[in-house]
1. Over the range 565-675, what percent of the accessible surface lies on carbon and sulfur atoms, probe 1.4 Å?
2. In whole percent, and with a 1.4 Å probe on the protein chains, what portion of the accessible area of the range 471-542 is carbon and sulfur?
3. So for the range 111-254, taking the charge dipole from beta-carbon charges (+1 Lys/Arg, -1 Asp/Glu), which of Phe131, Phe244, Ala219 sits furthest toward the positive end?
4. Determine, for each peptide in 316-329, 74-87, the mean count of other beta carbons within 10 angstrom over its residues, then list the peptides with the highest first.
5. Give the separation of the Cα centroids, the range 293-314 to the range 38-82, in Å.
6. About the Cα centre, and with charges only on the beta carbon of Lys, Arg (+1) and Asp, Glu (-1), how big is the dipole of the range 476-583? Nearest 20 debye, please.
7. Provide the three semi-axes, in whole Å and in decreasing order, of the ellipsoid equivalent to the range 325-372 as defined by the square roots of 5 times the Cα gyration tensor eigenvalues.
8. Report, in degrees rounded to the nearest 10, the 0 to 90 angle that the Cα long axis of helix 139-149 makes with the longest principal axis of the chain.
Amino acid sequence: MEKKEIFTDCTLCYHSCGTVVTVENGRAVKISGMKSHPLSKGKLCVKGANALEIIYSDKRLKKPLKRENGEFKEISWDQALDEISEKLTKIKDRYGAESIAAFSGSIGVENYEMSSLVHLFLGAIGSPNFFSVESICYRMRILARQLMFGRYFVEEPDSNLYILWGHNPHESDFPLKNFIEENLKKGSKLVVIDPKKIPFAEKADLYLKIRPGTDLSLALALINVIIYENLYDKEFVEKYTCGFEELKEHVRQFTPDWAEKITSIKAKDIIKLARLYASVKGASIHQGICTLDQTKNGFFNSIAISILQAITGNINISGGWVYSPPPRLGYFGLKPTKKPLGADEYPLFYELFGKKTSCGVVSVVPDEIEKGKLKTFFVIGGNPLVTMPNSGAFKSAFEKLDLVVVYDLFLTETAKKAHYVLPACSHIEKWGVAYTYNVCHSIPFLMLRKKCIEPLYDSWSEWKFFTELSKRLNLEKYFPWKKEEEFVDSILKPTGFSFDYLLNEKPEGVFYAEKKYEIHDRLFKTSSGKIDLCLKSIEGFGFGSLPRFEEPLNEDLKKDYPLILTVGNRIKYFTHSQHRQSSTLLRFCPEPVAEINSKTGKRFGIEDGEKVKIKTPSGSIAIKVKFNDNLIEDVILVPHGWSGEANGNLLTDHNLREKFLGYPEFKSLQARIEK
Ligand code: SF4
């Protein structure tokens, strides 16, 4: 019997925890935690521990499928690629290259190879219309921090004070949960700001129950107290920031009493938090992955939180926000000559400091399809018909496309609308690059993602798929790699670590850079060389240069939609719409449930466990209700990623967007509940 133990990573969510895959006679029989991994330290969450159930699920796509008369039939890869390339050529000739778009998600998440190949393919075709989650999640904080610091600073996992702001590590951040648990034993302090009393609130020094969508008013009041009580780090502010006087004047009006009326947090608790936060060095605010982004004040939320870190001097010190150099990976996308869709409406999303993103704004997609601008969509490892705002609009728009090609592990809701569905490899069936430096945890670590087993069934890696498709389109010069290993080696090249070195000499990975805590002259790459507390560069958008709170709720809707709705609540058993093929994970969480406070439920005549209708001006869903008195009253939480009648994105509106970057409103919608 041949038995191997292979060091690699888990890609079932964005943390890329280290794993050891045991392979016996070509079959993976066990996945366990890799003890030497700096982030996961030998531990795996419930998803990672059950990864083999997903990889070996009998629901995996086994052959390419073609939809004819509403039915799918199995075909060969050759037939699929011949037909796709023929149709694509006709569409390009008739409507132009820009009518061809792609949505790149990932199988799991954090799949650099996948998005590089999709970019390269679209570039070779001549279309700029690449879409991904970038325009609804996470990039907002990156841009905000880059604007203010000239670089992207990230939270350290070992802090003396953690502020979990709309962030629930028990459901969405397993490595951080472990770091916090360890550090609480050593005396770290903890604050939780959330509409729901999450598990860490039980252990917190301070728990503030906030009304969804009002975070910016809290942040402004905290800045007010820290400045006017002279609690800020004067030396740091003087040496390393500019715009402090404007900021001071601006926040004068945003007192704790003002914020109490908006947030429902007592003014005395706001003052208590400001004093606690400003008294601890090595403090870090961990904002939710998207909770503070996907709302009306999203961009200013990220700016205000960055100001808090800066005025307390919690920048580039151990435990605060630090600069951790990202790995320099090879990128092969071609520079598009035209802008992607959404770039004109949201220029700040598109371009910052002369650097342009290659992503379009995904919320504009349904309307652009309806207008006839897009005719083809490649969906590579994603399920936008469930996970993007307004599933109804996405579904009906996708039905109008001339060609939809989906590449995935399973027959997703999006795949069901495709003309061709192609079977993908899981992360242990192909080669790749794993790294961790920026996803809430600053550890510059790089590892080769190993191909542990041969592709199952007739699945192909995305490298093979795009290489073979490009040959039929006479685009093979853009895909010059003879083997997948060669392609991954070229991605690694700029890091200075070769494929062979990482495979043979460092299978457990390497620290590719050293984190330095000092503040040197070139640390802040802004035009002033300092942290810009007052952002003159965004004045042109007409919303000022300092954060200003806007009420997210529409007064006119309150009569018909009296409740606040937050959709997209994370569940630890699943990543977005994925992983429901695991019977173990489904046993833990067999069905979607919306949470409301029992008092709210009773006020609307709803019983615990009853199936209800939740309605917004955009749509309605049917879902079971669970009473949870840990949740603030008058709020409904709808979980993320379920398809069918409980899909939370049937309630969202792709045209209700944040003003700077076009992020959709998911967190402070208005809704009603009915029996
Ligand atoms: S947190 Fe869980 S799912 Fe995410 S990478 Fe780690 S083990 Fe995998």
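1. Numbers: 2010 of 4160 Å².
After summing per-atom areas, the C and S share lands at 48 percent.
2. Numbers: 2050 of 4430 Å².
The nonpolar share, carbon plus sulfur, comes to 46 percent.
3. It is Ala219.
4. Numbers: 316-329: 19.5, 74-87: 16.1.
The most tightly packed comes first, giving 316-329, 74-87.
5. 39 Å
6. Numbers: 17 positive and 18 negative charges, 29 e Å.
The calculated dipole for the range 476-583 is roughly 140 debye.
7. Values: eigenvalues 118, 34, 21 Å².
One finds semi-axes of 24, 13, 10 Å for the range 325-372.
8. So the helix axis and the longest Cα principal axis differ by about 50 degrees.
The values are calculated or read from the model by the stated rules, or taken from the named source; none is laboratory data. No experiment lies behind these values; they were computed from the predicted model shown. Cβ: placed from backbone, ideal geometry, glycine included. Neighbour counts: every protein chain shown. For the accessible areas, the whole protein counts, side chains as well, though only heavy atoms, and no ligand, DNA or RNA atoms are used. Shrake-Rupley method; radii C 1.70, N 1.55, O 1.52, S 1.80 Å.
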